Structures are given as C-alpha cells and as structure tokens.
Amino acid sequence: MAAFSNRVTKLFGIDYPIIQAGMVWNSGWRLASAVSNAGGLGLIGSGSMYPDVLQEHIRKCRSATTKPFGVNLPLIYKDVDKHIQVILEEKISIVFTSAGNPKAWTNVLKENGIIVVHVISSSKFACKAEEAGCDAVVAEGFEAGGHNGREETTTMVLVPAVCDSVKIPVIAAGGIATGRQMLAAMVLGAEAVQMGSRFVASVEASSHDRFKELVIHSQEGDTMLALKKLMPVRLMRNNFFQQLQEAENKGASADELKQLLGSGRAKKGMFEGQLDEGELEIGQASALLHDILPAAEIVKNIWSSFTEALSKPLSRY
C-alpha cells in the first residue's frame, strides 16, 4: 500500500493517518506494536497499568517494532508522576494525554523532546491544549467508548468546530471504524483518525475473548452513557449497567455511585470476561463490527476502503 503524507503522518513518522486508541485493558504492547508495524501509530494504554507494568510493555513493544509507537496517559491517574518518570526514562517520543488539564505536564514532556497530543471534547478545550503547547489534538465525539466529555457533542459536529478553532492538526475520534468514515472525518478537516472499538476486535487486543465476541455481535443502541455525576462513560448494556441506570434514575448521589462502581470493574469485565458484572467500555462503532482480525489486516482494510471511497466518494461500490 502506498504511503500517505500530511501533517500528522510527518509528525509521527508513520505511513497512514490511522491511530489506535490507548484503551484500558485492551491496548498492551502486542496491539501497539502490531498497529505500528502495519504503518499506523500504536499506543500503549497506560491507564490500567502500574508504573512497572508500563515499563515492561514499553520495552516489549520496542523489541517487537522498529516503528514509532506511543503511550496514552490519562492525567487523572493517581500515579501520573510515576508514569511520567517511566516515559522519560524509556525515552518515549509520543504521548497522548487525556482526562485532565494539559497544562499540568505538557511542558515537562515537551522539554524532553516528546510529541504531545491531548484528547478533547470541545473547541474550548482544544484551544486550551493548543495554548499549553500540544502538537495536535484528538477531537473525540461522544460516540466513543470509555470516558466522554460532558458536552455530548457528536463527532460530526465536533470535528469541524475544532478544526475552525485551532491551527494544530486535528485527529478525529468517536464512532469511526471504517475507511468511508475516515474519509468523511478528513473531509470535515481532520488529518487523521483515532480508532478504539475497531482495534478492540483484533487478535492482538489484550481484552478477553468473551468481550471481543460480545462487541462484534452488538447492535445499535447496545451502548449508553452512564455515571454522568462522576465522569460520563459509554458502556455496553449488561447487568451492571442496569444497576447503574436504576440507581441514577432513583437519584443516587455521586458517593452512592462510587460505592456501586467499586474497584476493578473494568478489569473484571473487559480483561477477565465477566460480562454480567463487569464494566464494558466500548463505542457506538461496535455495531459496525462483525469480525475479529489481526491488527495488520485491520489497518490494511481501513486504508484500502479509504482509498476506494476517495476515488468514488458518492458511491458505496
């Protein structure tokens, strides 16, 4: 496949403007290295890792690929300073930050020669990321799985709004799983896409096979936002989700929701495959997925369908 060139591919040194999201319990070194080897940008999702585990994944990823890869760093992580130290010690060159204020660590990362990208849910936050010195932003619509912005702005609205608000490159995310959707996002002004759900349904994803099977058999409406009093998160409907919904409908307080959530719910669901009682974070794009494929094949298929759609933009065939 012929390489593609724009500001994002040049920034990261990759062949295709396809980025695999850093998803907790789904994106370890195997997935990140496979995506990078295929010409995209793989990210290690550090949100579910202790610092020593993150270091292990970085080293294994580096041994599995000579291509660029990065780390996704949720800034709300309690040991974020320790994660930063591991990132600096291991000389990671690309960091995607999320769920927090980019001003907190961007200067530290930039001073060490690291490319910094921040995930945002509004034009206001995109401008703040640009002011903080970020090299690019991920404009993530609320179709996305996992934690979401409170604004509940869709990708179709968010992407052009952000592109009009900042000068740095914009990467579109949220509800994108196909090449045609990738083309649509780039027509709106994005210079790359970040995909999560599509790579959850991959051979190399570290999530449990039962979770992957559930994802590829899901339908429209099988995911919903929950925990809006805490931090909105998109979840697959299951027994645990029903408990949350009933509690929220009864007016449960934030403390009561925290108690119901407990600890380890995401690990229980996505990593251990306890599909009834676990927290199953996945995006609306799951309804478009019907197979579990090697990550390299996913990248190839997305790029092929993107170039085909680009040649015939008004026809599905």
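General remarks:
- Residue-by-residue Karplus 3J(HN,Hα) for the range 7-14, coefficients 6.51, -1.76, 1.60, Hz, glycine and proline x: 5, 6, 5, 5, 4, 9, x, 10
- Filter on Lys91/Lys124; Lys128/Lys228; Lys60/Lys268; Lys103/Lys229; Lys67/Lys212; Lys10/Lys78 - keep pairs with C-alpha separation over 29 Å: Lys91/Lys124; Lys10/Lys78
- 14 Å beta-carbon shell around Ala64, net charge (K/R +1, D/E -1): +3
- Cβ-Cβ distance of Leu230 and Asn6, R₀ of 45 Å, FRET efficiency by 1/(1 + (r/R0)^6): the value works out to about 0.75.
- Fraction of C-alpha pairs exceeding 21 angstrom in the range 155-288: 49 percent, rounded to a whole number.
- Site pair Leu88 and Cys127 shows an inter-label distance of 3.2 nm when each label is modelled 7 Å from Cα along Cα→Cβ.
- For the range 1-127, convex hull of alpha carbons as volume per residue, Å³: 106
- Cα shape, the range 91-209, gyration tensor, a/c 1.5 rule: oblate
- Placing a pseudo-label 7 Å from each Cα along the Cα-to-Cβ vector at Asp52 and Glu152 gives an inter-label distance of 4.4 nm.
- The range 247-290 shape via C-alpha gyration tensor axes, a/c threshold 1.5: oblate
- Extension gain from Glu297 to Asn112, taking 0.36 nm per residue of separation minus the Cα-Cα distance: 63.2 nm
- Charged neighbours of Gln20, selected by a Cβ distance under 13 Å, balance to +2 (K, R count +1; D, E count -1).
- Relative to the Cα centre, the charge distribution of the chain, modelled as +1 at Lys and Arg Cβ and -1 at Asp and Glu Cβ, gives a dipole magnitude of about 480 debye.
- Within the shell defined by Cβ-Cβ distances under 12 Å, the residues around Val299 carry a net charge of 0, with Lys and Arg each +1 and Asp and Glu each -1.
- Residue among Ser207, Ser122, Ser63 with the largest mean-square fluctuation in a Gaussian network model of the chain, springs linking Cα atoms under 10 Å: Ser63
- Close amide H pairs (under 5 Å, H built 1.01 Å from N) link Leu41 with Ile18, Ile19, Gln20, residues at least 5 positions away or on another chain.
- For Phe96, the residues whose amide H sits under 5 Å from its own are Val71, Asn72, Leu73, Val117, ignoring neighbours fewer than 5 places away on the same chain, with H placed 1.01 Å from N.
- Net charge dipole size for the range 31-145 [Lys, Arg +1 and Asp, Glu -1 on Cβ; Debye, nearest 20]: 140
- Under 5 Å, built H, 5+ apart or other chain: amide partners of Gly146: Arg234, Ile282
- Fraction of antiparallel bridges per DSSP, the chain only, in percent to nearest 5: 20
- Gyration tensor (Cα) of the range 270-317, equivalent ellipsoid semi-axes in angstrom: 31, 13, 7
- For the chain, the convex hull spanned by the alpha carbon atoms encloses 122 Å³ per residue.
- Applied to the range 36-42, the Karplus parametrisation 6.51 cos²θ - 1.76 cosθ + 1.60 on θ = phi - 60° returns per-residue 3J(HN,Hα) values of 5, 4, 7, x, x, 10, x Hz, with x for Gly and Pro.
- Residue-wise HN-Hα couplings along the range 232-238, as the Karplus relation 6.51 cos²θ - 1.76 cosθ + 1.60 with θ = phi - 60° gives them from phi, are x, 9, 8, 10, 6, 5, 7 Hz; Gly and Pro carry x.
- Options Ile168, Ser206, Leu54, ranked by Cα towards positive dipole end of the chain, top entry (Cβ charges): Ile168
Values in this text are rule-based calculations from the coordinates and carry no lab data. Quick caveat: nothing in here was measured; it's all calculated off a predicted structure. Every residue, glycine as well, gets a Cβ built from its backbone with ideal geometry; the counts of neighbours run over all protein chains shown.
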